[in-house]
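The values are calculated or read from the model by the stated rules, or taken from the named source; none is laboratory data. Everything quoted here is computed from the prediction, not taken from an experiment. Virtual Cβ from ideal backbone geometry, glycine too; neighbours counted across all protein chains shown. Protein only, heavy atoms only, side chains kept; ligands, DNA and RNA dropped before computing areas. Shrake-Rupley method; radii C 1.70, N 1.55, O 1.52, S 1.80 Å.
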Amino acid sequence: MNAAHPAPPPEDSIVEVVPVVRRVVAARVVDPAVRDDVVQETLARLMASRSRVEQDTLVPYAIAIARNLIASLAEREQRSRRSAHLLTDTDQPEPRPDDEVLRHEEAAIVGAAMARLPAAEREILLAHEVEGTDTATLAASRGSTPGAIAAQLNRTRSRLRVEYLVAQSATDPPTDRCRAILMALSLGDRRRQRELDVHGHLLACDFCAAHSPALTARRARRTEQEDVRVPVGRDSDVVAARQKGREVAAGVGFTGTELTVIATAISEIARNIVKFAKRGEFTYTVLTDGDRTGLQVVARDSGPGIPDVQRALEDGYSTYRGLGLGLPGARRLMDEFDIVSTVGEGTTVTMIKWRA
Ligand SMILES: [Zn+2]
């Protein structure tokens with residue numbers, strides 16, 4: 001990776017590690033059940049140690065964890081095979097696909113995407129997402145306002161999503177308009193989409209048609225399905241909330257790993273409610289957008305509220321241990337995350353996970 005642009009896409013960094021880990025594990029572990037176990041265990045360990053891992057080393061670190069897990073699995077297997085070997089004589093070394101190739105591939109994609117960002121935008125994004133500088137501080141040092149900085153960050157993240165997809169496809173967009181089209185989709189800017197005749201373009205352009213689902217999936221619409229509600233007040237309710245969320249998600253076809261991710265995020269928020277607010281409620285809503293399906297999790301409580309939401313989203317702020325996640329962890333695990341809190345009234349966390 002180019003040392004000048006060392007960070008992976010900041011918002012979803014943990015979740016974006018999952019496909020890489022799955023590929024590494026799939027290349028080496030044949031049994032699908034064992035594969036899922038190894039991927040989930042890798043994710044859990046990665047999250048537990050995340051505060052100590054630099055943003056730009058997340059992928060290699062995850063691969064190292066997965067390799068260690070696979071190695072200890074293989075060692076156990078080999079021990080039992082050695083005893084079997086005495087009888088059958090079929091001890092052959094397994095082929096070992098090269099992890100380095102996967103690692104460099106992912107790093108190159110992220111590096112290329114970051115390099116396409118204008119320097120000023122990249123700088124603000126890294127300051128905010130990696131160093132944790134809040135929008136007010138960024139605004140003060142740039143003679144701007146927090147609102148303007150937040151809007152700029154939103155545009156930069158949208159651009160990064162576009163550049164990530166373009167870099168991943170390893171081909172240049174076929175027309176001069178493609179990036180602007182994809183950017184309008186990524187931003188969810190309907191006025192701009194009309195101006196650019198996005199629909200007309202998508203009919204004519206295979207490149208943009210292929211990439212638009214990944215960008216528009218972030219914009220949700222509710223379905224007619226009934227919401228599922230779970231009250232949360234005691235420790236045992238944390239498990240109930242997690243199980244219910246898992247059940248609703250499984251019902252609309254989320255995979256095992258996705259279910260783990262969703263259940264983990266729900267647990268984190270539910271524990272926060274039990275610990276800090278005493279009483280709250282989870283609402284699960286199935287979302288559809290085109291042929292995409294997602295799960296929306298809304299957690300409301302009538303607790304003391306969070307005085308500084310920005311800080312509560314920083315790593316290491318939460319005093320609650322658990323898996324060491326808290327709010328920042330939940331935010332990383334889900335595709336969309338929003339938190340509104342009023343001191344003395346309570347907090348509402350809204351999270352969405354889209355089916356891959
Ligand atoms: Zn196009």
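Suppose we keep only residues that are at pLDDT 90 or above and of a type in the set (G, A, S) within the range 167-199. Which one would you say is farthest from A108 (Cα to Cα)? The qualifying residue farthest from A108 (Cα to Cα) is A184.
For (1) out of contact with any strand residue (DSSP E or B) (no Cβ under 6 Å at 6 or more places or on another chain); (2) hydroxyl-bearing (S, T, Y); (3) at pLDDT 85 or above, each residue gets a yes or a no:
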| site | (1), (2), (3) |
| --- | --- |
| R242 | yes, no, yes |
| A263 | yes, no, yes |
| R300 | no, no, yes |
| D315 | yes, no, no |
| R321 | yes, no, no |
| L327 | yes, no, no |
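Could you tell me whether T156 is within 19 Å of the chain's Cα centre (by Cα), β-branched (V, I, T) and under 19 Å from Q310 (Cβ atoms)? Steps first, answer last, please.
Values: within 19 Å of the chain's Cα centre (by Cα): yes; β-branched (V, I, T): yes; under 19 Å from Q310 (Cβ atoms): yes.
Here the answer is yes, as T156 does meet what is asked.
Within the range 167-178, residues that are over 18 Å from A214 (Cβ atoms) have Cβ atoms under 9 Å from residues that are more than 6 Å from the ligand (Cβ to nearest atom) and part of a loop (DSSP other than H, G, I, E, B) in these pairs: R177/L196, counting only partners at least 6 apart in sequence or on another chain. Among the residues of the range 132-156, those that are buried (at least 20 other Cβ atoms within 10 Å of the Cβ) and either among the charged types (D, E, K, R) or more than 22 Å from I181 (Cα to Cα) (or both) comprise T135, L138, I149. Does any residue of the range 158-170 turn out to be open to solvent by 20 Å² or more (accessible area, probe 1.4 Å) and of a type in the set (D, E)? No, the conditions are met nowhere in the range 158-170. Using the structure shown, decide if R142 is out of contact with any Phe, Trp or Tyr (no Cβ under 9 Å at 6 or more places or on another chain), away from the ligand (no atom under 16 Å from the Cβ) and under 30 Å from A209 (Cβ atoms). When the stated conditions are applied, R142 does not pass them. Within the span defined as the range 342-352, one or more residues are touching a residue at least 12 places away in the same chain (Cβ under 8 Å), open to solvent by 30 Å² or more (accessible area, probe 1.4 Å), over 15 Å from the mean Cα position of the chain (by Cα) and under 23 Å from E129 (Cα atoms). Of all residues in the range 163-178, those being of a type in the set (A, V, I, L, M) and within 11 Å of the ligand (Cβ to nearest atom) number 1.
Selection over the range 38-50 of residues that are open to solvent by 50 Å² or more (accessible area, probe 1.4 Å) and either at pLDDT below 70 or more than 18 Å from A71 (Cβ to Cβ) (or both) gives a count of 1.
Selection of the range 174-200 for residues being open to solvent by 20 Å² or more (accessible area, probe 1.4 Å) and more than 26 Å from F337 (Cβ to Cβ) yields P174, T175, D176, R177, R179, A180, R194, E195, L196, D197, H199, G200. Of the residues in the range 74-83, not one is at pLDDT 70 or above and within 30 Å of E268 (Cα to Cα). One residue stands out in the range 264-285 among those that are open to solvent by less than 10 Å² (accessible area, probe 1.4 Å) and of a type outside the set (S, T, Y): the one that is farthest from M351 (Cα to Cα), namely I273. V298 meets the conditions (1) over 17 Å from the mean Cα position of the chain (by Cα); (2) open to solvent by 20 Å² or more (accessible area, probe 1.4 Å); (3) among the aliphatic types (A, V, I, L, M) in every case but one. The failed one is (2).
Contact map, the range 184-207: residues that are closer than 16 Å to R155 by Cβ paired with residues that are open to solvent by 20 Å² or more (accessible area, probe 1.4 Å) and more than 10 Å from the ligand (Cβ to nearest atom), Cβ distance under 6 Å, separation 6+ or inter-chain. Pairs shown: A184/R192; A184/Q193; A184/L196; L185/T216; S186/R161; G188/R219. When the range 209-235 is limited to residues that are surrounded by 16 or more Cβ atoms within 10 Å (Cβ to Cβ) and modelled with pLDDT of 90 or more, the one that is farthest from the ligand (Cβ to nearest atom) turns out to be V232.
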